[in-house]
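*Asks:* Take a look at the following structure, please.
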Amino acid sequence: MSATAASPFTASVLALPAAQVDAWRIERQLLGSRRAETPAEVAQTLVGVQAQVTSSAALAIALRTDVSPLSSVATEQTAIALRDRRLVRSWAMRGTLHLFAATDVPTVAAALSSKENWRRPAWLRWFGVDEREMEALIDTIGEVLDDGRPRTRAELADEIGSRLGAKVGKLLLGSWGSALKVASDRHYLVQSAEDEAGVRFVRASRWVEAWRVEDADEARASLIERYLAAHGPATAHEIRRWWGVSNLSEVRPAIARLIDRLSEVDVDGTRAWVRAEDVDAIASAPPTDGAVVLVGGFDPFIVGAGLRDQLLPAAHVKRVSRTAGWISPVVLIDGRAAAVWDSKRAGDRLAITVDAFGPLSAATRRAIGRAAERVAAVQGASATVAFGPVFTEKGPPLVITPGDA
């Protein structure tokens, strides 16, 4: 497929219709006709599922899993996969917690191994330690956890404190876990399954079966290529945002390493990267007509968004990406954000309120009702749908059930 005559770019830049890109991405995100068989398959396909909020991660996985009949069992699969070590919860991209397929953890660890933002003077001042003390803290965490025994944060802080002093041990008790994150970047620490005592931490190489050591540059390139397979097309800036670095120089070497396997495309005037092997599939993807999908808060479709400016209407970005980094649940219509939603559980009923960015047809409202039923079903509930404001102090919504309008 060649660039159209109207394209402002060179003939080597492929022009892809936005509607087909949107339809293709929904399928690649396991939100269309194809579903995954296991939670680990979802995490592997999406290159991790953000898990700062555990319930949001479970919903993201459940919506993409082929479970029949749908029930709360779908969300319970995530907890089971964590206990069985098929999923692993760890800090990674953007310094946030993610669920990864266990087989991907060595790759992620290698890709993060050179990330040492903590060496900046401002970071060290924030921690209240010097570079030597922080280096000792990271290495000691690895030494303590090398015996393979999971520990709570308090237990780990006590052991670190006994070796390095109480001041250093207290760094592990910070509410955001910042000192734990720097050890996680060296694969010294991941979270094991929770128990009555809470979250426990363990050394990744002791927790993940068949641990392997990978080249850092190759690992970063591999993850970016897989990111494009699920979230692309994407610009270099969007790759940078997803990976969580401040400068393009930190992702350009990986893109250069992949260049023979990538194509540059033009989607509605935006130049972006896509895997060359996906171009034909995108070009032949049938556009959807009014297809509706509801995704939860912090969903990978939104967090990892390629072509973000096209996915999220500029006038409504702050309704999706809210204060303090909260990402709203979103209604997707034909692969683009068209509303945000919220829900309240009462017994076996899930009351969902949809706040649309613009007028909705009767057919679209009915489609939202059907999509809401899937969200409720994977939580073992039935849905009612209302249309009105959410995440605001405005008045109560007008209640409309899925069969109305």
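*Asks:* Subtract the Cα-Cα distance of Asp348 and Glu209 from 0.36 nm times their separation in residues, and report this length gain in nm to one decimal.
*Replies:* Values: separation 139, 0.36 × 139 = 50.04 nm, distance 3.91 nm.
Full extension from Asp348 to Glu209 adds 46.1 nm.
*Asks:* Any lysines with Cα under 29 Å of the Lys115 Cα? List them, leaving off those in the same chain fewer than 8 positions away.
*Replies:* Lys167, Lys170, Lys181
*Asks:* Moving on to the next point. Any idea what Rg and Dmax come out to for segment 116-184 if you just take the C-alpha atoms, in Å?
*Replies:* So, for segment 116-184, Rg and Dmax equal 11.2, 34 Å respectively.
*Asks:* What's the extension gain from Arg119 to Asp147 if we count 0.36 nm per residue and subtract their Cα-Cα distance?
*Replies:* That works out to 7.3 nm of additional length.
*Asks:* Compute the FRET efficiency between Asp66 and Ser249 as 1/(1 + (r/R0)^6), taking r as their Cβ-Cβ distance and R0 = 25 Å, and round to the nearest 0.05. Intermediate values should be presented prior to the final figure.
*Replies:* Details: r = 41 Å, r/R0 = 1.65.
In this case the efficiency is close to 0.05.
*Asks:* Which peptide among 303-311, 286-294 comes first, and what is the full order, when sorted by highest mean count of other Cβ atoms within 10 Å?
*Replies:* 303-311, 286-294
*Asks:* What does the highest-first list of 323-336, 40-53, 246-259 look like by mean Cβ count within 10 Å?
*Replies:* Descending mean neighbour count gives 40-53, 323-336, 246-259.
*Asks:* Whole-Hz Karplus ³J(HN,Hα) for segment 23-40, in order, using 6.51 cos²θ - 1.76 cosθ + 1.60 and θ = phi - 60°, x for Gly and Pro?
*Replies:* Result, ordered by residue: 5, 5, 5, 4, 5, 5, 7, 6, 10, x, 7, 9, 10, 8, 8, 9, x, 4 Hz.
*Asks:* Can you list the GluC sites (Glu not before Pro) in segment 84-173 that are in a DSSP coil and have 16 or fewer other beta carbons within 10 angstrom?
*Replies:* Passing sites in segment 84-173 are Glu116.
*Asks:* Per residue of the chain, what 222 nm ellipticity follows from adding -39500 (n - 2.57) for every DSSP H run with n ≥ 4, rounded to the nearest 500? Before the final figure, lay out the partial values.
*Replies:* Values: 19 runs with 162 residues, N = 405.
Computed ellipticity for the chain at 222 nm equals -11000 deg cm²/dmol.
*Asks:* Taking H as built 1.01 Å from N, whose amide H comes closer than 5 Å to the amide H of Ser382, not counting residues under 5 places away?
*Replies:* Here Arg349, Leu350 satisfy the definition.
*Asks:* Follow-up. From the phi of every residue in segment 230-243, what ³J(HN,Hα) in whole Hz does the Karplus formula 6.51 cos²θ - 1.76 cosθ + 1.60 yield, where θ is phi - 60° and glycine or proline is x?
*Replies:* Those phi angles translate into 10, 10, x, x, 8, 7, 4, 5, 6, 5, 4, 4, 4, 6 Hz.
*Asks:* Put one equal scatterer on each alpha carbon of the chain, apply the Debye formula with no solvent term, and list log10 I(q)/I(0) at q = 0.08, 0.11 1/Å to two decimals.
*Replies:* -0.46, -0.87
*Asks:* Percent antiparallel among DSSP beta bridges with both residues in segment 292-399, to the nearest 5? Walk me through the intermediate numbers first.
*Replies:* Values: 19 of 25 bridges.
Among the beta bridges of segment 292-399, antiparallel pairing accounts for roughly 75 percent.
Read the figures in this text as sums done on the coordinates, not as results from a lab. Every value quoted in this text rests on a predicted model; they were computed, and no experiment measured them. No Cβ is skipped: glycine too gets one built from the backbone with ideal geometry, and neighbour counts run over all protein chains shown.
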